[in-house]
Amino acid sequence: MSNLRFRKRKRDALLRMISCLAVALAAFSATGPAWSSNVSAAEPNAAVTEALFSGRIAQTVERISPSVVAIIGRQAPSDEGEREVDRFQLAHGTGLIVRTDGWIVTNAHVVKDLEGLTVVTSDGRQFPGRAVFADEESDLALVRINALRLPAASLASEVRVQPGDPVVAIGTPVSFSLRNSVTVGVVSGVDRSVNGKYRLLQTDAAINPGNSGGPLVDAEGRVIGINSLKFVDYGVDNVGFAIPADTVRVVLDHFEKYGRVRRAYLGFETEESWAAVIGLPTDDPLEVVLVDGSSKAAAAGVREGDKLLAVDGRPVHTLLELNELLKRYLPGDRVRLTMESDGRTVVREIELAEEPEAPPTRKTGTPEVPASADGSRNGAETRVDLWLRLGDGQAMANGRVVDVQPPRLVNGSAVAPLEPVAAAFGARLVAEKDGGVVLTDGKRSIRMYAGQKTVVVDGKSEEWPTAPEVAGGIWWAPVRAVAAAFGAAVKFYPQTGEIVVARLPEGNPFGGARLHEDADKKRIGDSYQNWSMKYPSSLMKVYQSSNADRVMFSDMKGDYELSLAVERIAEANSPDDLIDRLKDETYKTVIDSRYVSDAAYPYAFVLAKSGNVYEELRAYQNDGRLYVLQFETREELYNNPSKYKIFQDLLNSFRPVFAANDPLIKDISKFKDGFRKYVSATYAYSFELPAGWESGESETRFYHTDDERLELKVTVSSAAEGDTLDAWVERQRRRFEETVLPSYRRIGDAEPSTVAGVPARSVTYRVTEGDDWTESRVLYLFKGPYKYRFILSYGKSSDLRAADMMFRSLTSSLSIDTDALDRRFGRLPDPDEAFGTGQKSRYASRKYHYSLEVPAYWYKNADLSDGSAVSYAFDGGSFDVQIQEEGTLQDQVRQTEAVLKQMESFGLGKLVESTSITFQGSPAHRFVVETTEHGVIERTTMYLAEHGGRVYMIAYRLKEAYATPFNLARIDEALRSFRWTDEAGA
């Protein structure tokens, strides 16, 4: 029995679902998260109220307001070209006078692309101004006006605030006419990071559009920050941020001394841990992900994969902490970097370079730094837990309290007696004749000598930061080094002196590593589609198609979006063809294109731009596949040297190959040996399908090939008490015989087999229509109290070998575990069981005053909520009702007849009948149309009936192959059941 008829229905349903989703997403994007400054003020708390009533707030405002100015100008046209200049199309913000000779600090985003910049003081004076300096990294800028003896405000020499302290924000919110508006709130938080380089202060004082660049002042009148942005989302209030005064002072000092911000540069780029990216408290170190080969850091031995632990003894765990530390240095300063390299803690002294300022040229194919060797030891481990504390005579090892000699610090390393540490790992200490000792657990060994930093771990020499020693007959050694040798991790808390050692079978026990499975993955790829690239901790996969031929990624911080499309190709494309292909992929203006032939894997390159968005596209080809990478980011990020290097490092890391034996690659492939496993947790079944298949709507359990030439539908229903597999198959056979004319059908024998551990039957049904035929191979089986039916449908144009392979894969891989069904899983009716029973489904429309009854096994294909249309589908045909609100019966007949005759004149069909009749007591007209396509004859009978000022269309469509007495009788019953339900009709 054919199930290709489901194709259009399922596709239409999917389109309806996508349309609804698009509307929902559009609504979310209109109201969803955005960075701006639009939110209501908070209710004053006790501290604010006290400050208000004491008069301190008023005094603060009186003292600071004269230093606050409004800045206004015209927004420059975008790169898209000319636009109409509107005199009200203005942008404005706020500034703070910091020097009496006309220097004003504001936000860089306030003055960016601002033309005709004008400054208005608090007393209404206007001055033409110009943005002299701007630093987008800190979002600070200096505006200069020609004026003297201006009331300058002083920036706090040190920001000493804590959550709950009252603050005042002064600015120009919403409208330029609201200059020097005052809002009051409290400090909500300090040391905040909001996708920026430096820390921010958080406040609930209202920072509305136009407040940017104004001061945030404490109750004592000290300017503690420059307001910058506010988080806006539905239901989110009073979350604003200000740049702390210490950052402002540093930037202004650089502006004055150097005319720009001279940022110290380590010579390498680092990446935060996954925990830090999502905001979890973490002590995970920063990882070196890119080293500038010409830098002093490279010369000092810094390599990709090293961990940065501290700068001049100050620990760093996040990029925010690192940037705040580097803020104190200048290029040329020397710093001592505490790092972990190949499992060893080392100190490297380097001279800081200067972070590049000018945008790099758009070159690609940048030489890559080879990945450093990973020194980790793989394999499952037994669990180990050890707790020690400096100066404490007790420890806990694997849940047992033990007495120990108190651990101590030696040259900055925590050292402890070896015996309890060894016992925790199930190791023993063996004395050697030469005075050394060997610590071994049977799998690993550490050979050491007192006073020597060089030790031998598993036959290889290592340098420990602190040499083992013997005191009072007890061997002592650095805890971190011993733990690392045994595959464990160590956390040291200086504030309490605690040393926590742990080893878990599943991997790193600390930080966010336990919360996600990709903690140790450095690359991501697809073993089936044969590609891989670097896997930054902030990279997020947001979409993957069923066949993984389309993957989309997003940066967690919102810096970029990256997509990859893979397609099979019969032969390699020329470089020019690849470039043309990339140009076709973008709607943006192409500003550069080339073929990079000197890369490890040559690729075509296209750079396109639209507005402030850059799009970089690359096309690779290898082993019969074409790979198209599309990377999008904002202009300010693409032109930022540091960001640009990170972006290029990610793109240059792409490889059209997959190293299957590399344990550091996360494989996102959905295929194994060319097959993908599909699982229905709801209905407790799973099976494997070859590549080229994808799933449709999960609730209807529908699958199909990419070209939709082969389709698979799964039905699950309850088995009636006493029913048998053979009886079910026989009922299905009778239905096929009742609904398809003998000359058009062929049915095979029921073939017995065992599938999913139970008896099964497979039957092949074929319907021949004109030049084409449709075949369905159906697998029937009972599992527990349920009937499972798998219907594979295909046509004449299908690949029969592919159909055979798919059916074999289905029957050999099918697994059903009814014990895994939800315990509330109840009875599932089988609509097919209503076939031939005379059971009816009633449909009624109160609005349009009609009702009808149809066979219960007919499938409702569509039903408009107001009842103006309803459609049913059945084998070989459909039954529809539709209401026309406008026009008379004569109008509809005339229009329909004209359309049908025109169709007939084009040879698209034949008008068999056009007759005026009475339908259920109302004037009506009947049309019968016959069409033939590819030899398939189909007849449509349409009734147009006028009732209650409306025209009703009742129509049925039936293919000739399905025009059996049984089907015609059911259609006639449905037509006769039609009733008018208003008083006139009744």
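The values are calculated or read from the model by the stated rules, or taken from the named source; none is laboratory data. Predicted model, so just to flag it, every value in this text is computed and none were measured. Virtual Cβ from ideal backbone geometry, glycine too; neighbours counted across all protein chains shown. Surface accessibility is based on the protein's heavy atoms, side chains included, excluding ligands, DNA and RNA. Shrake-Rupley method; radii C 1.70, N 1.55, O 1.52, S 1.80 Å.
In this Cβ point-charge picture (+1 for Lys and Arg, -1 for Asp and Glu), the range 523-658 has a dipole of about 400 debye about its Cα centre.
Applying the criteria of a DSSP loop state and at most 14 other Cβ atoms within 10 Å to the chymotrypsin sites (Phe, Trp or Tyr not before Pro) of the range 554-616 yields 587. Each Cα pair under 8 Å and six or more residues apart adds its sequence gap; the mean of these over the residue count of the chain is a relative contact order of 7 percent.
Annotation: extensible slack from residue 62 through residue 146 equals 27.8 nm (criterion: 0.36 nm per residue apart, minus Cα-Cα distance).
Placing one equal scatterer on every Cα of the range 264-354 and applying the Debye formula, the log10 ratio I(q)/I(0) at q = 0.17, 0.18 Å⁻¹ is -0.64, -0.73.
Counting only Cα atoms, the range 815-894 measures 62, 26, 23 Å along its principal axes, largest extent leading. Along the axis of the charge dipole computed for the range 673-820 (Cβ charges of +1 for Lys and Arg, -1 for Asp and Glu, origin at the Cα centre), the listed residues 820, 785, 770 are led at the positive end by 785. For the residues 764, 774, a 1.4 Å probe over the protein chains yields an accessible-area ranking, largest first, of 764, 774.
Note on the range 717-786 and the range 447-490: Cα centroid distance 72 Å, given to the nearest whole angstrom.
Using the Cβ-Cβ distance between residue 453 and residue 666 with R0 set to 51 Å, the FRET efficiency from 1/(1 + (r/R0)^6) comes to roughly 0.85. Shape verdict for the range 448-506, please, from the Cα gyration tensor: rounded (a/c under 1.5), prolate (a/b greater than b/c) or oblate. Oblate, since a/c reaches 1.5 and b/c is not below a/b. Of all aspartates and glutamates in the structure, those lying under 17 Å Cα to Cα from residue 296, and not within fewer than 8 positions of it along the same chain, are 269, 304, 306, 312, 333, 349, 351, 354, 355. List the lysines whose alpha-carbon lies under 29 Å from that of residue 433, not counting same-chain residues fewer than 8 positions away? Straight-line reach from residue 433, under 29 Å: 443, 453, 460.
Remark: spin-label model distance residue 162-residue 727 equals 8.0 nm, labels positioned 7 Å along the Cα→Cβ axis. Compute the Cα gyration tensor for the range 845-981, then decide on rounded, prolate or oblate, letting a ≥ b ≥ c be the square roots of its eigenvalues: rounded whenever a/c is under 1.5, prolate when a/b is larger than b/c in the other cases, and oblate in all that remain. Because a/c hits 1.5 or more and a/b fails to exceed b/c, the range 845-981 counts as oblate. Diagonalising the gyration tensor over the Cα atoms of the range 62-258 and scaling each eigenvalue by 5 before taking the square root yields semi-axes of 24, 20, 17 Å, largest first. Taking a sphere under 10 Å around the Cβ of residue 928 and counting the other residues whose Cβ falls inside, with K and R at +1 and D and E at -1, yields a net charge of +1.
Would you work out which of 501, 811, 302 lies farthest towards the positive end of the dipole of the chain? Charges go on Cβ: Lys and Arg +1, Asp and Glu -1. So the residue furthest toward the plus end is 501.
Placing unit charges on the Cβ atoms only, positive for Lys and Arg and negative for Asp and Glu, gives the chain a dipole magnitude near 780 debye about its Cα centre.
With every protein chain in place and a 1.4 angstrom probe, the accessible-area ranking of 598, 218, largest first, reads 598, 218. Could you work out the relative contact order of the range 523-658? I mean the mean sequence separation of Cα pairs under 8 Å and 6+ apart, divided by the number of residues, in percent. After rounding, I find 25 percent. Loop-located trypsin sites (Lys or Arg not before Pro) in the range 84-151 (DSSP state other than H, G, I, E, B) with a sparse environment of at most 11 neighbouring Cβ atoms within 10 Å: 87, 149. Between the beta carbons of residue 112 and residue 491, assuming R0 = 41 Å, the FRET efficiency works out to 0.40 to the nearest 0.05.
In this simple spin-label approximation, residue 936 and residue 443 carry label points 7 Å from Cα along the Cα→Cβ vector, and these lie 6.2 nm apart.
The value of relative contact order for the range 386-503, using C-alpha pairs under 8 Å at least six residues apart, is 21 percent.
Dipole orientation for the chain: of the candidates 347, 250, 140, 347 has the Cα lying most toward the positive pole (charges on Cβ; Lys, Arg +1; Asp, Glu -1). Full extension of the chain between residue 154 and residue 336 gives 62.1 nm of extra length, using 0.36 nm per residue less the Cα-Cα distance.
When a/c reaches 1.5 or more, the comparison of a/b and b/c decides; with that in mind, is the chain rounded, prolate or oblate per its Cα gyration tensor? Oblate, since a/c reaches 1.5 and b/c is not below a/b.
Around the Cα centre of the range 673-820, unit charges on the Cβ atoms of Lys, Arg, Asp and Glu (plus for the first two, minus for the last two) sum to a dipole of about 320 debye. Within the shell of other residues whose beta carbon sits under 14 angstrom from the beta carbon of residue 570, the net charge comes to -2, with Lys and Arg scored +1 and Asp and Glu -1.
Taking 736, 658 and ordering them by how much accessible surface each has at a 1.4 Å probe, largest first, produces 658, 736. Candidate cross-link partners of residue 677 among the lysines, defined by an alpha-carbon separation under 19 Å and a same-chain spacing of 8 or more, comprise 666, 713.
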